[in-house]
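Rule-based calculations on the coordinates, nothing more; no lab input. None of these values were measured; they are calculated from a predicted model. As a convention, Cβ positions derive from the backbone with ideal geometry for all residues, glycine included, and neighbour counts pool all protein chains shown.
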Amino acid sequence: MPKFENQHYIINYPQELEEFIQKSVDNAESRKQVFEDLFEIDWDNLPKMKASFFITREEFLKYIKELNGFVPGPNAIGCFCDGEIQALVDIENMYKNNSLYTLAHETIHLFIQKIYKDKNRNYIEERIRWFDEAYAYYLERPRDNSYNKHYYDKALALKEVAQMDVNILDDRAKLNNEKYNSYNIFQVLGKYIFDNNLQKEYLRLLKDNPRQLRKIGETILKKSVEYILQIVFKV
């Protein structure tokens, strides 16, 4: 497989994805200042992140299983196992879905994972999925008020389940059902957190008091849905 390497990444990929890989890297690195300010890091002085991209689900699943025995869910297109990013790309629709943002998305997960490791915690066992995914979905690309209708539609779809404790999403079996889609939940939470300037406060809780962060998860969906339905759509 060809290999891409620069200051931040070492990426293995099929030849068919050469242009796509460069655009993925460009998107991730366009977020550099945002990442550094939020996570209080100097990205240029961190070890290079390793990534492997695949164009068939069979190869994607086989590679991850060989790394540590983990098998991603049926809808997964990105993972971060053994400190490395793995991504699956639908080569027929690579620019028509979210694949272009997978590298940035998984990079954010790895930055958050580093916070846990710095505190000598087991990130995989203690991961707070709603928090982790809310940050990754919100930060994976630039956002502005042009997305408000996008968020409004997702919040509206969650209105009937707004009382839900989002900590239940730690259970992969509960990520999606006929009543809600966790993809919508994570995006709505991210919009609420960042619009209300809670992102650094919540990161501090992740470092120092993750139990309190889980407590926030009991009611944050209700607050997020109400915020978007009542305020954001009026902007």
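A few remarks follow.
- Fluctuation leader among Gln113, Gln33, Gln86 - the chain, Gaussian network, Cα springs under 10 angstrom: Gln33
- A rounded overall shape is assigned to segment 83-213, the ratio a/c of its alpha-carbon gyration tensor axes (a ≥ b ≥ c) being less than 1.5.
- Selected from Asn75, Asn209, Asn97 as most flexible by GNM, with the chain as the system and alpha-carbon contacts under 10 Å: Asn75
- Each of Phe60, Trp43, Phe111 was placed along the dipole of the chain (beta-carbon charges, centred on the mean Cα), and the one lying farthest toward the positive end is Phe111.
- Normalised convex hull volume, segment 143-234, alpha-carbon set, Å³ per residue: 92 Å³
- Across Lys159/Lys223; Lys32/Lys149; Lys3/Lys62, pairs whose alpha-carbon gap is larger than 18 Å: Lys32/Lys149; Lys3/Lys62
- On Cα atoms only, tilt of 18-30 relative to the major axis of the chain in degrees: 40 degrees
- Relative contact order, percent, the chain [alpha-carbon distance under 8 Å, six or more residues apart]: 17 percent
- Each stretch of four or more DSSP H residues adds -39500 (n - 2.57); spread over every residue of the chain, this sum gives -15000 deg cm²/dmol at 222 nm.
- Cα extents for segment 24-89 along the principal axes, largest to smallest and rounded to whole angstrom: 37, 21, 17.
- Largest GNM mean-square fluctuation across Ile112, Ile193, Ile55, computed for the chain with C-alpha springs under 10 Å, falls on Ile55.
- Alpha carbon centroid spacing (whole Å) that separates segment 38-56 from segment 164-235: 25 Å
- Amide hydrogen neighbours beyond the local backbone of Met49, cut-off 5 Å, H modeled: Tyr9, Ile10
- Distance between the 7 Å Cα→Cβ label points at Glu16 and Lys65: 2.1 nm.
- The stretch between Glu160 and Asn6, if pulled fully straight at 0.36 nm per residue, gains 50.8 nm over its current Cα-Cα span.
- The overall shape of segment 23-161 is rounded: from the C-alpha gyration tensor, with semi-axes ordered a ≥ b ≥ c, the ratio a/c is less than 1.5.
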